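The values are calculated or read from the model by the stated rules, or taken from the named source; none is laboratory data. Note that this is a predicted model, so its numbers are computed, not measured. Positions of Cβ are generated from backbone atoms using ideal geometry, with glycine treated the same way; all protein chains shown enter the neighbour counts.
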Amino acid sequence: MASITLDHLGKAYTPEVAVIRDLCLTIRDGEFMVFVGPSGCGKSTVLRMVAGLETVTSGRLLIGERVVNDVLPKDRDIAMVFQTYALYPHMTVYDNIAFGLQIRGMPEAEIRQRVRQAADTLGLDAFIDRKPKALSGGQRQRVALGRAIVRNPSVFLFDEPLSNLDAELRVHMRAELAKLQRRLKTTTVYVTHDQVEAMTMGHRICVLRPAGSDPAQGNLTQVGTPMEVYDTPANLFTAGFMGTPKMNLLAARLSDSGDEVLLHEVRLPVAPAFRDAARQMKGRDVVLGLRPEHIGAEREVDWASDTSITGTVEILEPLGHEVIVHFEVHGASVSARLRAHGALPDPGDPITLKVRVEAMHLFDPKTEKRLGL
């Protein structure tokens, strides 16, 4: 096993097009790190640089204590699982898993032992003589995993490996991958655009955004445990990206004392976590962040609140156990989560919901940073 260090890492295809800019990050030995972000943020490019499939334009890339900028992929002691599985269609499951060991000249007896062990770990024993066309999507994904783990690499790299699976199988494979990584304790880098995968699988999450035209703006917006990133987003990008539905981000203003947030005629007391920072910015514009689960019907909420907001229902999204309500408040669209029981409003109806004030987030609209950072 090994750590991975990205030391001011950069990737530019032309002087004008920087895909990765000044990325600094250390992935710990045995850690499961998830890179998450929208399309075009460079997460797959980072993975391919670690794998040696993309050259490094600037900075250093270390696996363990070794700088690997110019080391060939085959000499990096990594194993990569691709989105498309990349199985050999004319080979059996056994031969697909064994192939990488065979071309390295490993003794046949050891190959058989490793392949059988990997097949047993992944539940592939019954399919060992089948070819990929006779396997389901989940079984093919397990074969791709077997081909990776059979090599006992220092690092696993996963490039959106579950995106081709149906929803039920993705849930199952998320759990299987997480359990496998815990058992093997191999340093793992996992790339996804799926926030649920990021939240449920990673020890830590690295949130990336596309590099902007400003040379001072890098890709990295926040690194932390899933709950750190969700509960305390460091900036507007992370706040707006993490969460489904996303956090409500509303233009507001601090009162002249800095003790209240003014959202049109609604006056919200500033949450204790932001009180000191808000008093320093009294009277100034802020962005108020409220997650949908912190806005709810009075009969349903389990928090004490004297504060409510009123608006007009735009659309309802029934999800079985709950309903996402989108409603308009003074020209802004706000989302809330309601339990799916009893009478529900119709589009066009007025609605008044309670706000969990202590769960608010406040951001500086100029710097886009969370207040107090």
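Which of the strands (runs of 3 or more DSSP E) found entirely inside the stretch 328-373 contain at least 2 residues meeting this: within 24 Å of D306 (Cβ to Cβ) and over 30 Å from the mean Cα position of the chain (by Cα)?
Details: elements: 332-339, 350-355, 361-363.
The strands (runs of 3 or more DSSP E) meeting that bar are 350-355.
Go through E260, E228, E265 for me and flag whichever is among the charged types (D, E, K, R) and assigned by TED's automatic domain parsing to the domain that holds V34. Before the answer, list the steps.
Numbers: E260 fails: assigned by TED's automatic domain parsing to the domain that holds V34; E265 fails: assigned by TED's automatic domain parsing to the domain that holds V34.
After ruling out the rest, the residue left standing is E228.
From the list E300, E314, which one is among the charged types (D, E, K, R), under 32 Å from the mean Cα position of the chain (by Cα) and assigned to a strand (DSSP E or B)?
Just a single option satisfies the conditions, and that option is E314.
Can you report the number of residues in the stretch 295-321 which are crowded, with 16+ Cβ neighbours inside 10 Å and in contact with a Phe, Trp or Tyr (Cβ under 8 Å, 6 or more places away or on another chain)?
Adding up the residues that qualify gives 2.
Give me the pairs, please: first residue somewhere in the stretch 129-148 and assigned by TED's automatic domain parsing to the domain that holds Q83 and under 10 Å from L87 (Cβ atoms), second residue anywhere and assigned to a loop (DSSP other than H, G, I, E, B) and aromatic (F, W, Y), beta-carbon distance under 6 Å, and either six or more positions apart or on two chains.
What qualifies is R140/Y85; A144/Y85.
If you check A211 against the conditions, is it touching a His at 6+ places or on another chain (Cβ under 9 Å) and small (G, A, S)?
Numbers: touching a His at 6+ places or on another chain (Cβ under 9 Å): no; small (G, A, S): yes.
Spelling it out, it is not the case that A211 is touching a His at 6+ places or on another chain (Cβ under 9 Å) and small (G, A, S).
Can you tell me which of (1) modelled with pLDDT under 90; (2) more than 17 Å from A79 (Cα to Cα); (3) not acidic (D, E) is the one R112 doesn't meet?
Against the list (1) modelled with pLDDT under 90; (2) more than 17 Å from A79 (Cα to Cα); (3) not acidic (D, E), R112 comes up short only on (1).
Does any residue of the stretch 285-293 turn out to be part of a helix (DSSP H, G or I), in contact (Cβ under 8 Å) with a residue 12 or more places away in the chain and either of a type in the set (D, E, K, R) or surrounded by fewer than 15 Cβ atoms within 10 Å (Cβ to Cβ) (or both)?
Residues of the stretch 285-293 part of a helix (DSSP H, G or I): 292-293.
Of the ones still in play, those that are also in contact (Cβ under 8 Å) with a residue 12 or more places away in the chain are 292-293.
Now restrict to residues that are either of a type in the set (D, E, K, R) or surrounded by fewer than 15 Cβ atoms within 10 Å (Cβ to Cβ) (or both): 293.
Yes - at least one qualifying residue is present in the stretch 285-293.
Restricting attention to the stretch 51-83, and to residues there that are touching a residue at least 60 places away in the same chain (Cβ under 8 Å) and assigned to a loop (DSSP other than H, G, I, E, B), which single residue is surrounded by the most Cβ atoms within 10 Å (Cβ to Cβ)?
Taking the stretch 51-83 and keeping what is touching a residue at least 60 places away in the same chain (Cβ under 8 Å), we get 51, 63-64, 76-83.
Now narrow it down to the ones that are assigned to a loop (DSSP other than H, G, I, E, B): 64, 76-77, 82-83.
Working: G64: 16, R76: 21, D77: 17, F82: 13, Q83: 16.
Applying the filter and picking the extreme gives R76.
Please enumerate the residues belonging to the stretch 1-29 that are within 19 Å of the chain's Cα centre (by Cα) and either of a type in the set (A, V, I, L, M) or over 18 Å from L220 (Cβ atoms) (or both).
Residues of the stretch 1-29 that are within 19 Å of the chain's Cα centre (by Cα), as a first pass: 4, 6, 19-20, 23-28.
Residues satisfying the conditions are I4, L6, V19, I20, L23, L25, I27.
Please work out which one of (1) part of a helix (DSSP H, G or I); (2) surrounded by 14 or more Cβ atoms within 10 Å (Cβ to Cβ) is the condition D276 fails and give its number.
(2)
From L250, L353, which residue is in contact with a Leu (Cβ under 6 Å, 6 or more places away or on another chain), of a type outside the set (F, W, Y) and not assigned by TED's automatic domain parsing to the domain that holds E228? Outline the logic, then answer.
Working: L353 fails: in contact with a Leu (Cβ under 6 Å, 6 or more places away or on another chain).
Only one candidate qualifies: L250.
Say whether the condition of being at pLDDT below 95, under 24 Å from H264 (Cβ atoms) and out of contact with any Gly (no Cβ under 9 Å at 6 or more places or on another chain) is met by at least one residue in the stretch 338-345.
Pass one, the stretch 338-345, residues at pLDDT below 95: 338-345.
Narrowing the set further to residues that are under 24 Å from H264 (Cβ atoms) leaves 338, 345.
Add one more test, that the residue is out of contact with any Gly (no Cβ under 9 Å at 6 or more places or on another chain), and what stays is 345.
Yes.
Just the residues that are crowded, with 16+ Cβ neighbours inside 10 Å and either farther than 24 Å from N152 by Cα or not assigned by TED's automatic domain parsing to the domain that holds A198 (or both), please, taken from the stretch 170-183.
If the condition is that a residue be crowded, with 16+ Cβ neighbours inside 10 Å and either farther than 24 Å from N152 by Cα or not assigned by TED's automatic domain parsing to the domain that holds A198 (or both), then R170 is the only one that fits.
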